[in-house]
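Have a look at the structure below before the remarks.
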Amino acid sequence: MVNTLSHLGIGLLIALALGFRGKKRNTLAFLAILPDLDFIPYAIFALVGGSVSHEARNQLFYMFGHREFMHSILFILLVTLLIWLKTKDRLFTAAGLAAIVSHVYLDYVTSWKMRPFYPFSTETSTLGAVHFFDPLANLIPLLPVFIVLVGYLKNRGKWNGKFENFCAFVTNNRSKFYTTLAVVLVVWLIAVLPVGKLFLVKNVSGAEGAKISYQDTYPSSFGKFITAYPYNSTHYKIMEVSYWSGIERSDYIEKTNVTGAVPDASAYVERAGKLYSTAVPQEIDYPVYNVSEENGSVTVMLSDARNPYVKYWAYFKTVYRFVFDTESGEYVAYASMQGGRERELEENWFG
């Protein structure tokens, strides 16, 4: 989901549709943003992550990283159990479950990989069917926020009467209004967009005569996706596809590019790939290697083949740089995460 305010709005929508007010309404709104409080444990991870073993670092990342454990099914079940033990209220427990599930699902259905089955599995997955700025997913949740804010201002005599007709309509049709909004969101986000993407991927696969990955097809704008597949042993094919036009543009990206005559270039590529495979969070789906040699060292740049196709988008913008000493075999690793400044990585980053 693109913003915390929309998550908050979903929590309020669930509360209002079920008739909860006051403290219970506020609690449901909090539960809808609870998973994003993982920035607190992530700050702890940032402090201690560089001082532990590689294996411990990975496990700490799974537990404390953003969109990791606090976006998992196990976390959802634990929080739901706590709600039930605290309240013994079936309807409120169900509403709390819906609020926290709404957050995790909305993140899962956008574009960022998650580990929903951790600790039972560390495999990443995503639906990637909804663009960050999807109008319904972002605007509908703002209506409950607006309505609650208006009510708050009215109670304090600070509302000057704007949107009075809309407020009266909501008051007179409270139950139907909130239920309708909830149903529209559920149908749009669970049925229409994921299924629409399924048919699009199937059609593109048929047109290409190749199996296109549903997971690795990411929304780049409303109704458009960037996808890729291994075209042959040396190239990937990158495509921009849409619901309206199918394949709109495509290009071929070389998997390995060597500048100059680099002895054992393939061996350095293999080593960089093995090092990367031991690290988290595993952002790269279609690895591209650029190899060069200078002053007794070999540099291997590792990025995703889709990197050149995204300008104002964090995904696929992570680039790793491995600098290998040709005599000692030792290396130093750097990374530019999501288009940010490059920094040297800790020694325990890779196994």
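The values are calculated or read from the model by the stated rules, or taken from the named source; none is laboratory data. Since the model is a prediction, treat every value here as computed from it, not as a measurement. We place every Cβ from the backbone using ideal geometry, glycine too, and count neighbours over all the protein chains shown. In case anyone asks, the SASA skips ligands and DNA or RNA and just uses the protein heavy atoms, side chains included. Shrake-Rupley method; radii C 1.70, N 1.55, O 1.52, S 1.80 Å.
Taking the range 90-114 as the search range and keeping residues that are in a loop (DSSP other than H, G, I, E, B) and in contact with a strand residue (DSSP E or B) (Cβ under 8 Å, 6 or more places away or on another chain), which one is nearest to Gly11 (Cα to Cα)?
Thr110
What residue, of Leu85, Leu28, Leu37, Leu12, is under 29 Å from Val280 (Cβ atoms) and part of a helix (DSSP H, G or I)?
Sole residue among the options that is under 29 Å from Val280 (Cβ atoms) and part of a helix (DSSP H, G or I): Leu37.
Out of all the residues in the range 80-94, is one or more within 18 Å of the chain's Cα centre (by Cα) and either small (Gly, Ala, Ser) or under 30 Å from Phe350 (Cα atoms) (or both)?
There is no residue in the range 80-94 that is within 18 Å of the chain's Cα centre (by Cα) and either small (Gly, Ala, Ser) or under 30 Å from Phe350 (Cα atoms) (or both).
Could you tell me which residue of the range 219-240 is surrounded by the most Cβ atoms within 10 Å (Cβ to Cβ), considering only residues that are of a type in the set (Gly, Ala, Ser) and under 17 Å from the mean Cα position of the chain (by Cα)?
Step by step, filter the range 219-240, then rank; the result is Ser220.
Restricting to the range 304-323, name every residue that is crowded, with 20+ Cβ neighbours inside 10 Å, in a strand (DSSP E or B) and hydrophobic (A, V, I, L, M, F, W, C).
Of everything in the range 304-323, those that are crowded, with 20+ Cβ neighbours inside 10 Å, in a strand (DSSP E or B) and hydrophobic (A, V, I, L, M, F, W, C) turn out to be Val319, Phe322.
Restrict the check to the range 282-298 and report whether at least one residue is part of a strand (DSSP E or B), among the acidic types (Asp, Glu) and closer than 12 Å to Phe324 by Cα.
Yes: the range 282-298 contains one or more residues that are part of a strand (DSSP E or B), among the acidic types (Asp, Glu) and closer than 12 Å to Phe324 by Cα.
Would you point out which residue out of Thr179, Thr126, Thr171 is out of contact with any Leu (no Cβ under 8 Å at 6 or more places or on another chain), at pLDDT below 85 and of a type outside the set (Asp, Glu)?
Sole residue among the options that is out of contact with any Leu (no Cβ under 8 Å at 6 or more places or on another chain), at pLDDT below 85 and of a type outside the set (Asp, Glu): Thr171.
This table checks each residue for (1) without any contact (Cβ under 8 Å) to a residue 24 or more places away in the chain; (2) more than 16 Å from the chain's Cα centre (by Cα).
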residue	(1), (2)
Asn3	no, no
Lys23	yes, yes
Val52	no, yes
Arg67	no, no
Ser72	no, no
Phe75	no, yes
Gly96	no, yes
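Residues of the range 188-206 being open to solvent by less than 50 Å² (accessible area, probe 1.4 Å) and touching a residue at least 12 places away in the same chain (Cβ under 8 Å), which ones?
Selection gives Leu189, Leu193, Pro194, Gly196, Lys197, Leu200, Val201, Val204.
Quick check on the range 62-77. Is at least one of its residues open to solvent by 40 Å² or more (accessible area, probe 1.4 Å), touching an Asp or Glu at 6+ places or on another chain (Cβ under 8 Å), outside any loop (DSSP other than H, G, I, E, B) and at negative phi?
Looking for residues that are open to solvent by 40 Å² or more (accessible area, probe 1.4 Å), touching an Asp or Glu at 6+ places or on another chain (Cβ under 8 Å), outside any loop (DSSP other than H, G, I, E, B) and at negative phi, one finds at least one in the range 62-77, hence yes.
Taking the range 175-187 only, how many residues are β-branched (Val, Ile, Thr) and either without any contact (Cβ under 8 Å) to a residue 40 or more places away in the chain or open to solvent by 70 Å² or more (accessible area, probe 1.4 Å) (or both)?
4
Is at least one residue of the range 261-277 over 30 Å from Phe45 (Cβ atoms), surrounded by 14 or more Cβ atoms within 10 Å (Cβ to Cβ) and in contact with a Gly (Cβ under 9 Å, 6 or more places away or on another chain)?
No, the range 261-277 contains no residue that is over 30 Å from Phe45 (Cβ atoms), surrounded by 14 or more Cβ atoms within 10 Å (Cβ to Cβ) and in contact with a Gly (Cβ under 9 Å, 6 or more places away or on another chain).
Which of the residues that make up the range 162-214 are out of contact with any strand residue (DSSP E or B) (no Cβ under 6 Å at 6 or more places or on another chain), under 30 Å from Asn232 (Cβ atoms) and not in a helix (DSSP H, G or I)?
Scanning the range 162-214 gives Gly209, Lys211, Ser213, Tyr214.
Restricting to the range 115-161, count the residues that are more than 26 Å from Leu185 (Cβ to Cβ), of a type outside the set (Asp, Glu) and assigned to a loop (DSSP other than H, G, I, E, B).
Result for the range 115-161: 11.
Of (1) at pLDDT below 95; (2) within 28 Å of Leu136 (Cβ to Cβ); (3) open to solvent by less than 30 Å² (accessible area, probe 1.4 Å), Ser245 satisfies all except one. Which?
Here Ser245 clears every test but (3).
Go through the residues of the range 290-303 one by one and say whether even a single one is open to solvent by less than 40 Å² (accessible area, probe 1.4 Å), without any contact (Cβ under 8 Å) to a residue 60 or more places away in the chain and in contact with a Pro (Cβ under 8 Å, 6 or more places away or on another chain).
Yes, the range 290-303 has at least one match.
Does at least one position in the range 157-165 carry a residue that is touching a residue at least 24 places away in the same chain (Cβ under 8 Å), surrounded by 15 or more Cβ atoms within 10 Å (Cβ to Cβ), out of contact with any Cys (no Cβ under 7 Å at 6 or more places or on another chain) and over 30 Å from Asn58 (Cα atoms)?
No, the range 157-165 has no match at all.
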